[in-house]
Amino acid sequence: GEDKAVFEIPEHYYPDKYKAVTTTIANRFGDDAGRTIPVRNIALPNLNLPMELPYNEQFSLFIPKHRTMAGKLIDIFMNMRDVEDLQSVCSFCQLRINPYMFNYCLSVAILHRPDTKGINIPTFAETFPDKFMDPKVFRKAREVSNVVTSGNRLPVTIPVNYTANDTEPEQRVAYFREDIGINLHHWHWHLVYPFDSADRSIVNKDRRGELFYYMHQQIIARYNMERLCNGLNRVARYMNFREPIAEGYFPKLDSQVASRAWPPRFADTTIRDLDRPVDQIRADVSQLETWRDRFIQAIESLSITLPNGRQVPIDEERGIDMLGNMMESSIISPNRQYYGDFHNMGHVFISYSHDPDHRHLEQFGVMGDSATAMRDPVFYRWHSYIDDLFALYKYKLSPYTDDKLDFAGIRVSSISLEGAAGSNTIGTFWELSTVELGRGLDFTPRGSVLARFTHLQHQEFNYVIEVNNTSGQGAMGTVRIFMAPTVNENGEPLAFDEQRRAMVELDKFTTGLRPGNNTIRHRSLDSSVTIPYERTFRDQSARPSDPGTPEAADFDFCGCGWPHHMLVAKGTPQGYPVVLFAMVSNWNEDRVEQDLVGSCNDAASYCGIRDRKYPDRRAMGFPFDRPAPHANTLSDFLRPNMAVQECSIRFTDTTRPRQQRRSNEASDLSTASS
Ligand code: CUO
């Protein structure tokens, strides 16, 4: 296979300290060698800036200095004449450039160069498994790989709930925060939507600021539903920067590259002014407050101050997108000097709260890295506040009028669920899966190392939607499916305004509607929000065998997408009550004319489509992104082209091995739909 090839690297590419071991390195891979690929000897670009980051240090895009270095390196990779030159410069970089930064920049370049569509990048969980798993696994894996020959190796098991015990209430949702697939999705999202690059076109993607808002809003909605299922209150916004953060977090991750443990944050830590010359960071907490106040001021006045002092109105069409870029912030912020870098610097302040002036020589905590940030309870408190600031803007907009919500002649008479757990019920349970760690671990001998981990899973189901088309002619509609909790922490019904903000998108698809009655049956597996398990973890056995085909390129690059095993919340043993909502909107007003051939477009709701426009003209989160003050309950909001159904999520506390479930479920579903 492909990964058995050996690159023959020009001798002077090796750093001085490696000169002596060059032959050793070459021999090390010699056994595996199927073929030899000579690396082109080129005039190397100036790599001084990216080389300033020490090889063994952590790398964070949130740190402005690291960002500049990464921006430069991406630029270098993007500007290599062809793939062979890129390969050549990479082989030079590999032993010199910080591996985290190298991996990030190369991934961005591969995603954005037109000529690298067929190149296979291994999943991040394989390259840097230390960012996703308990270090004990690596010790065990090392033993296993030394003692047992490849082929006969048993998987190493990652324990469940290893970061705290039941005394910590937040531990009840650790399965969500520490889910490998969720963290991979978040890392991937930020890879697809970088906020900084010397090449503006990499940042300036269609509606990227709005997607920043929406994808993170949905994370909070999902997390809150998960919390309610586990008897926890919805997450409290982190909005007073002078008050301590009640939640502590002890990640128990080791960095293989930096050979140190990720620093913890003790309970009741307060963020403090930063002065870390080593990271070229000097920032006061008051700076955050100033930026926040300016952001709110822009919303209050519905106008933005440009660098030249001019005021521009925030218009309905592009407003949320501009605000997203301003807030994050990205380099396409309308005025980064004035509105600053609020969200990113929030991550930085929190991630250094244990050592704000570097006196203990500690590096940043998990909040400083998009691959690990979602493990920490404070991530949700921070993003909940961010979401509230965006919501201030949405409250400024007038409610959707009838002509925006209605679809003349189209009536949705019902929506329901059918599946193995019974009608209108979704069954959830624990599942035991296996992931390949082989590539990321520098063991000898090399070969496959499997890790086993437990994650939430649900039984697959179908949506069944009855639509009556009385228009007398065929029509095209967009089906929008959401789910929300029905009651709050105290068991009281949610008011409409709370419930609409708690709506979790489950699916969105286009459908033809014949005149008369239509029964639409749609599989949960085909969700526009999720990607299949195999894609999240890049199960190489599922990879199309012919590299260079559009299918193989999609498989490699479309790792962004909510992991399918987390499509629905955990529920409760008694059955957690939720409301399922479906709307059919007029496709003529939704559609975006574009060619989708050969682009991965099956998780577009949170990730958009590679190299294309966001495939829905409506505001993200439509129809729930705006308030509707006249509606006190969800039923007040309903139109003829909408329907709801009370459903329940029933959790069974058993653990099933993945393979076994898949074969059982296939037969369950075929019974259900026949
Ligand atoms: Cu995704 Cu704060 O933007 O982590």
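The values are calculated or read from the model by the stated rules, or taken from the named source; none is laboratory data. Bear in mind the structure is a predicted one, so any value in this text is a computation, not a measurement. FYI the Cβ positions are ideal-geometry reconstructions off the backbone, even for glycines, and counts take in every protein chain you see. Surface areas here come from the heavy atoms of the whole protein model, side chains and all, with no ligands, DNA or RNA. Shrake-Rupley method; radii C 1.70, N 1.55, O 1.52, S 1.80 Å.
Could you estimate the translational diffusion coefficient of region 301-351 from the Stokes-Einstein equation, with Rh from the Kirkwood formula over C-alpha pairs, at 25 °C and 0.890 mPa s, in whole µm²/s?
216 µm²/s
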Taking Rh as the Kirkwood radius computed over C-alpha pairs, what is the Stokes-Einstein D of region 378-432 at 25 °C in a medium of viscosity 0.890 mPa s, expressed in µm² per second? 150 µm²/s
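Send over a whole-number figure in Å² for the accessible area per residue of region 169-395, probe 1.4 Å.
Ligands and nucleic acids excluded, the result is 34 Å² per residue.
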Diffusion constant of region 185-316 at 4 °C, which comes from Stokes-Einstein with the Kirkwood Cα-pair radius and 1.567 mPa s, µm²/s: 68 µm²/s
With every protein chain in place, region 169-395: carbon and sulfur % of accessible area (1.4 Å): 48 percent
Distance in nm between pseudo-label sites at ASP611 and ARG523 (7 Å out along the Cβ direction from Cα): 2.8 nm
Probe 1.4 Å, all chains present, heavy atoms only: TRP587 accessible area in Å², nearest 10, is 70 Å²
Separation between the ASN56 and ASP595 pseudo-spin-labels, each 7 Å from Cα along Cα→Cβ, expressed in nm? 5.2 nm
If N is the residue count of region 169-395, its Cα Rg over 2.2 N^0.38 Å rounds to 1.01
Region 333-440: trypsin sites (Lys or Arg not before Pro) in DSSP coil with no more than 11 other Cβ atoms inside 10 Å: ARG359
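Can you flag which of LYS252/LYS570; LYS65/LYS394; LYS205/LYS508 are past 27 Å Cα-Cα? Please report the intermediate quantities before stating the final value.
Values: LYS252/LYS570 24 Å; LYS65/LYS394 34 Å; LYS205/LYS508 21 Å.
Check vs 27 Å cut-off fails for LYS65/LYS394.
Counting other Cβ atoms within 10 Å, which GluC sites (Glu not before Pro) in region 263-328 have at most 10 and lie in a DSSP loop?
Passing sites in region 263-328 are GLU317.
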